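The values are calculated or read from the model by the stated rules, or taken from the named source; none is laboratory data. Being a predicted model, the structure only gives us computed values, none of them experimental. Positions of Cβ are backbone-derived with ideal geometry, glycine not excepted, and every protein chain shown enters the neighbour counts. What goes into the accessible areas is simple: the full protein's heavy atoms, side chains included, and nothing from ligands, DNA or RNA. Shrake-Rupley method; radii C 1.70, N 1.55, O 1.52, S 1.80 Å.
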Amino acid sequence: MKIKKRLGVNIDHVATIRNARGEKYPDPLHAALVAQKSGADSITIHLREDRRHIKDHDLRIIKKKLKIPLNLEMSATKEMFKIAIKHKPNYVCIVPEKRLEITTEGGLNLHHKINFLKQIILNLKKKNIRVALFIEPKISDVIISKKIGADCVELHTGRYCNLFNNKNKTKSSFLSIKKAATYGKKIGLDVHAGHGLTYDTLRHISKIHPISEFNIGHFIIAESIFIGLKKSIKKFKKIISG
């Protein structure tokens with residue numbers, strides 16, 4: 001049976017532009033509502049510990065106004081867990097965080113504080129929040145994700161995208177994503193993918209059938225400067241629908 005593929009639109013970098021001048025515009029809520037109207041299946045925001053783009057009040061108002069699911073990316077900390085429990089996003093994706101990184105550099109280290117991570121997952125699921133783990137496309141990480149209770153895995157596509165953009169060989173990286181996705185689906189996980197995806201890279205990655213959701217942000221916001229947010233989202237929707 002063919003999997004219906006979904007598009008999650010990450011609006012973090014609307015907040016990045018807003019914060020650059022300390023203004024109230026552009027408003028991430030406005031972006032979320034435009035994305036919703038344009039066919040996005042969910043909205044993703046990453047509330048970082050240093051609040052470099054999305055702020056707490058963005059989470060609060062977007063959750064209140066949005067009619068499609070909200071996916072909250074967060075690090076595995078007590079503070080972020082309390083925030084998630086308070087605001088009850090539909091989905092949570094637990095991601096690694098380094099204070100000095102420009103963007104997320106890779107998947108979670110699942111061996112670090114694994115019991116704490118397992119407890120966070122359990123407690124989020126008790127509140128009917130779907131939990132995904134952002135991981136490297138490795139079967140070993142898929143297995144651990146399943147064992148500690150995740151509903152989903154989001155495979156980090158950054159390495160593949162970097163190789164593709166620099167015109168290097170991508171076969172090995174592509175196969176790693178495909179194998180991890182296939183195995184994840186086989187053992188009952190919902191499989192997502194994200195990081196660095198563009199029109200061109202998504203045309204290839206979307207052919208991996210077990211992947212049901214693609215979360216894309218930076219490229220969508222960048223493209224919207226030239227063609228508008230609505231058109232950029234619709235182009236991505238057309239690609240994933242095949």
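So which trypsin sites (Lys or Arg not before Pro) in region 174-242 are both in a DSSP loop and have at most 16 other Cβ atoms within 10 Å of their Cβ? Don't skip to the end; give the middle numbers.
Working: sites: LYS178, LYS179, LYS185, LYS186, ARG203, LYS207, LYS230, LYS231, LYS234, LYS235, LYS237, LYS238; in loops: LYS207.
Answer by residue number: LYS207.
Looking at the chain, identify the longest residue range that excludes and avoids all GluC sites (Glu not before Pro) in DSSP loops having at most 16 other Cβ atoms within 10 Å.
Details: sites that count: GLU23, GLU49, GLU101, GLU105.
No qualifying site falls inside 106-242, the longest such stretch.
Sum -39500 (n - 2.57) across every DSSP H segment of at least 4 residues in the chain, then divide by the residue count to get the 222 nm mean residue ellipticity, nearest 500.
On the way: 11 runs with 115 residues, N = 242.
For the chain, the value works out to -14000 deg cm²/dmol.
What ranking of LEU175, LEU47 comes out by heavy-atom accessible area, probe 1.4 Å, highest first?
Values: LEU175 65, LEU47 0 Å².
Per-residue accessible area, sorted high to low, gives LEU175, LEU47.
Provide the FRET efficiency to the nearest 0.05 for the LYS207-LYS186 pair, computing r from the beta carbons and using R0 = 25 Å. Show your work: numbers first, answer last.
Details: r = 18 Å, r/R0 = 0.72.
Given R0 = 25 Å and the Cβ-Cβ separation, E is 0.85.
Do the alpha carbons of any pairs in LYS5/LYS178; LYS178/LYS230; LYS113/LYS179; LYS178/LYS207 sit beyond 19 Å of each other, and which pairs? Please report the intermediate quantities before stating the final value.
Values: LYS5/LYS178 15 Å; LYS178/LYS230 30 Å; LYS113/LYS179 26 Å; LYS178/LYS207 9 Å.
Among LYS5/LYS178; LYS178/LYS230; LYS113/LYS179; LYS178/LYS207, the Cα-Cα distance tops 19 Å for LYS178/LYS230; LYS113/LYS179.
Report the trypsin sites (Lys or Arg not before Pro) located in region 1-34 that are in a DSSP loop and have at most 16 other Cβ atoms inside 10 Å of their Cβ, or state none.
Values: sites: LYS2, LYS4, LYS5, ARG6, ARG18, ARG21, LYS24; in loops: LYS2, LYS4, LYS5, LYS24.
Here the sparse-neighbourhood loop sites are LYS2, LYS4, LYS24.
Among rounded, prolate and oblate, which fits region 161-242 when a ≥ b ≥ c are the square roots of the eigenvalues of its C-alpha gyration tensor, a/c under 1.5 means rounded, and a/b larger than b/c means prolate?
Values: a/c = 2.49, a/b = 1.46, b/c = 1.70.
It comes out oblate by the Cα gyration axes.
Would you compute, for the Cα atoms of region 100-196, the largest minus smallest coordinate along each principal axis and list the three values in descending order, in whole Å?
The principal-axis extents, from largest down, are 45, 36, 22 Å.
Determine the dipole magnitude for the chain: charges of +1 sit on the beta-carbon of Lys and Arg, -1 on that of Asp and Glu, nothing else is charged, the reference point is the Cα centre, and the result goes in debye to the nearest 20.
On the way: 48 positive and 21 negative charges, 153 e Å.
For the chain, the charge dipole is close to 740 debye.
What are the principal axis extents of the Cα atoms in the chain, in Å, biggest first?
44, 40, 37
At a Förster distance of 22 Å, what's the computed FRET efficiency of LYS82 paired with GLU23, Cβ-Cβ distance as r, to 0.05? Walk me through the numbers on the way to the answer.
Values: r = 29 Å, r/R0 = 1.33.
Here the calculated transfer efficiency is 0.15.
With the cut-off at 22 Å, tell me which of the pairs LYS4/LYS63; LYS127/LYS147; LYS4/LYS238; LYS37/LYS65; LYS64/LYS231 have Cα atoms farther apart than that. List each step's numbers first, then the result.
Numbers: LYS4/LYS63 24 Å; LYS127/LYS147 19 Å; LYS4/LYS238 13 Å; LYS37/LYS65 13 Å; LYS64/LYS231 26 Å.
Beyond 22 Å: LYS4/LYS63; LYS64/LYS231.
Using a/c under 1.5 as the rounded threshold, could you call region 1-92 rounded, prolate or oblate? The axes a ≥ b ≥ c are square roots of the C-alpha gyration tensor eigenvalues, and prolate needs a/b larger than b/c, oblate otherwise. Walk me through the numbers on the way to the answer.
Working: a/c = 1.89, a/b = 1.18, b/c = 1.59.
Verdict is oblate for region 1-92.
Can you tell which of ASP151, ASP41, ASP27 shows the greatest fluctuation in a Gaussian network model of the chain with Cα springs below 10 Å?
Residue with maximal mean-square fluctuation among ASP151, ASP41, ASP27: ASP27.
Please compute the modelled spin-label separation between LYS98 and ASP200, points set 7 Å along Cα→Cβ, answer in nm with one decimal.
Here the modelled spin labels are 2.6 nm apart.
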